[in-house]
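Take a look at the structure set out below.
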Amino acid sequence: MMTMTLGLRLASAAMLAISLAGCGGGDPSSADDGALGASAKASAATGSPNADASRITKLQRYQIDPAKVFVAGISSGGFAAVQMHVAHSSTFKGAAVYAGGVYWCAGAGGAATALANCGGLTLPSNQASYNSTLIASETYLDAQSSLGTIDPTTNLSGQPVYLWSGTQDEVVNPLEMADLNSEYRRYGANVHFDNAYPAEHGWESPDGELPCGTLGSPYMVRCPAHGAVYDSVETWLTMFVGPLKPRNNGRLSGTLSSFDQTEFGASPNLSMSSTGSVFVPKACAQGKKCGFVLALHGCLQEASLIGNRWVSEAGINEWADTNELVVVYPDTIASSAPGPTNPNACFDWWGYSNQYDPNYALKNGLQMTVLYAMVQRVTGRP
């Protein structure tokens, strides 16, 4: 999903807005009731009175193992996760990318180029528009690494990278994710590419409310595997941290809270909400050394539209609770002129920030700087 209208999709003889690279289309009017239910579900899942969206806290520093700092994202958040990982590869030690694409995929062309080349524009054939930008991406990546505007590409060698692309994805063409697979492998990353599931555009989790091949809000899907429901989060967390303690399917001991994003520079000018969410396992709150995941939602998955469904259905907290991982979920807001044109609340991967940010994929990118400041706070990294 993307900026303006970010793409149109023909479905059931009707034109549906599809936003770019984040979460397909969907009817925003249908999200309200589900959002309320999901918020209650999240509170129950955390099993903590602190899981109250009305309680806004200050994001804290925790004892974070620098070898266990990771980023994950879906669609627009997937593209943004690639940007964060590549630009800050000395900090992030792995990435999980669902329906994203190559670094700097949109180039300097803005929203229209991003839609046509990378994702968000669904054609009458029900395939996502795609034109490979892999060569341009790698040329730019190498140049920026040499200039020092991103961390050295050598950091990517040997890092674990998980990629997810559903075979039925109509929003981000599977060929785009194949390009990302090629790119990461070129720089020596250890890649696991899940690209055989008949999934539509979305984040895969046992807690997803939609069947695997369903396109629609809130873009949280569950896919069968070997007579059970697949758990993609288990796959990539095992890659990142090794053998896992069992997932907590009951009452979580950790705490889910809202935190103030404005102290890090979040504002309507960057299409970012005043608050985000953070999940902190009990052991981490008590000072134990823990891991960290920065989790980025897609377009049309902002809290003001779908409530807590992204946070509660992603299936990360259930593993984080027993495996001691702090999880930060930054949040965006929809915006329009005279501010940035981003009506679907996507993370910035084509330069919409403050109208246009040519450095959007670099360490000094406007939204990138805000997100990284959150990472610095939690991890204590300079």
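The values are calculated or read from the model by the stated rules, or taken from the named source; none is laboratory data. This is a predicted model, so every value here is computed, not measured. Note that we place each Cβ from the backbone using ideal geometry, even for glycine, and neighbour counts take in every protein chain shown.
A few points about this structure:
- Test: E176 is part of a helix (DSSP H, G or I), over 18 Å from the mean Cα position of the chain (by Cα) and in contact (Cβ under 8 Å) with a residue 24 or more places away in the chain: no
- In the range 49-165, counting only strands (runs of 3 or more DSSP E) that sit wholly within it, the ones holding 3 or more residues that are surrounded by fewer than 24 Cβ atoms within 10 Å (Cβ to Cβ) and in contact with a strand residue (DSSP E or B) (Cβ under 9 Å, 6 or more places away or on another chain) span 64-74.
- Some residue of the range 103-122 being modelled with pLDDT of 95 or more and among the hydroxyl-bearing types (S, T, Y): yes
- Pairs linking a residue in the range 257-269 that is farther than 11 Å from D331 by Cα to a residue that is outside any loop (DSSP other than H, G, I, E, B) and polar (S, T, N, Q), with Cβ atoms under 8 Å and 6 or more positions apart or on different chains, are S257/T57; S257/S277; G265/T369; P268/S335.
- When the range 180-200 is filtered for residues that are surrounded by 15 or more Cβ atoms within 10 Å (Cβ to Cβ) and either among the basic types (K, R) or in contact with a Cys (Cβ under 7 Å, 6 or more places away or on another chain) (or both), the ones remaining, listed by number, are Y197, A199.
- Every residue from the range 241-256 that is touching a Lys or Arg at 6+ places or on another chain (Cβ under 7 Å), of a type outside the set (G, A, S) and within 12 Å of I316 (Cβ to Cβ): none
- Within the range 218-236, the set of residues being assigned to a strand (DSSP E or B) and either surrounded by fewer than 20 Cβ atoms within 10 Å (Cβ to Cβ) or without any contact (Cβ under 8 Å) to a residue 60 or more places away in the chain (or both) comprises V221, R222, P224, A225, A228, V229.
- Test: residue in the range 237-248 that is in contact (Cβ under 8 Å) with a residue 12 or more places away in the chain, out of contact with any Gly (no Cβ under 6 Å at 6 or more places or on another chain), closer than 21 Å to A373 by Cβ and among the hydrophobic types (A, V, I, L, M, F, W, C): no
- Per-region count, the range 239-265, residues of a type in the set (V, I, T) and surrounded by fewer than 16 Cβ atoms within 10 Å (Cβ to Cβ): 1
- Count - residues of the range 278-302 that are among the small types (G, A, S) and without any contact (Cβ under 8 Å) to a residue 60 or more places away in the chain: 1
- Filtered by the rule that a residue be in a loop (DSSP other than H, G, I, E, B) and either among the polar types (S, T, N, Q) or under 17 Å from the mean Cα position of the chain (by Cα) (or both), the range 237-265 gives N248, N249, S253, Q261.
- Subset of the range 189-217 [outside any loop (DSSP other than H, G, I, E, B), within 19 Å of N173 (Cβ to Cβ) and not aliphatic (A, V, I, L, M)]: F193, D194, W203, E204
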